[in-house]
Amino acid sequence: MHTFDYNAREGILHAQVHGFWSLDDCERYAKDLEAAARDARRRAGHLRLLIDSGTHGVQSADVAARCVEIRRSQLQRPKDRIAVCSPSSLARRQIGRGIDTNQLALFATIEEARAWLLSGAESAGHFPIARSAA
């Protein structure tokens with residue numbers, strides 16, 4: 001359902017998430033992510049998290065909402081950054097609804113996500129869909 005790999009040279013924690021999740025799967029992911037993120041912060045002083053959701057797809061509304069909470073919980077320091085990558089435009093629309101900070105951005109490719117994390121820049125509104133005032 002999920003794996004983590006820390007690249008010490010880049011200082012990026014790479015999370016791969018797979019499949020259709022239940023809320024129990026979310027809680028296991030949250031617990032494992034907390035431990036992996038703590039280790040990444042210990043090594044680098046901040047968190048650079050790349051979430052590859054290429055095979056995760058669209059989730060149920062309750063799982064999607066919990067995933068938003070989990071991502072937000074990891075933005076603990078001003079230099080923390082999270083890049084989420086999904087090649088699916090439908091999944092990007094769902095994920096994009098939970099992006100409300102310049103410390104988190106959404107990308108269609110791993111290469112774009114990694115480049116943004118390594119740049120140290122803020123997302124500057126890098127959203128996959130148009131925002132309305134509604």
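Being crowded, with 19+ Cβ neighbours inside 10 Å, touching a Leu at 6+ places or on another chain (Cβ under 8 Å) and not in a helix (DSSP H, G or I): is that true of residue 50 here? Taking the combined requirement at face value, the residue satisfies it.
In the set 57, 98, only one residue is at positive phi and either at pLDDT below 95 or assigned to a helix (DSSP H, G or I) (or both); that residue is 57. Cβ separations smaller than 8 Å between residues 6+ apart or across chains give the following pairs from the stretch 6-19 residues that are in contact (Cβ under 8 Å) with a residue 40 or more places away in the chain to residues that are outside any strand (DSSP E or B) and charged (D, E, K, R): 10/114; 12/114. Scanning the stretch 87-122 for residues that are crowded, with 18+ Cβ neighbours inside 10 Å, over 24 Å from residue 44 (Cβ atoms) and aliphatic (A, V, I, L, M) turns up 91, 95. Restricting attention to the stretch 55-86 and to residues that are small (Gly, Ala, Ser) and surrounded by fewer than 16 Cβ atoms within 10 Å (Cβ to Cβ), the residue that is nearest to residue 14 (Cα to Cα) turns out to be 73. Scanning the stretch 9-47 for residues that are in a strand (DSSP E or B) and over 24 Å from residue 111 (Cα atoms) gives no hits.
If you go through the stretch 76-95 and keep only what is over 10 Å from the mean Cα position of the chain (by Cα) and either of a type outside the set (S, T, N, Q) or part of a strand (DSSP E or B) (or both), you end up with 77, 78, 79, 80, 87, 90, 91, 92, 93.
The values are calculated or read from the model by the stated rules, or taken from the named source; none is laboratory data. A quick note: this is a predicted structure, and the numbers were derived from the prediction, not measured. Note that each Cβ is placed from the backbone with ideal geometry, even for glycine, and that neighbours are counted across all protein chains shown.
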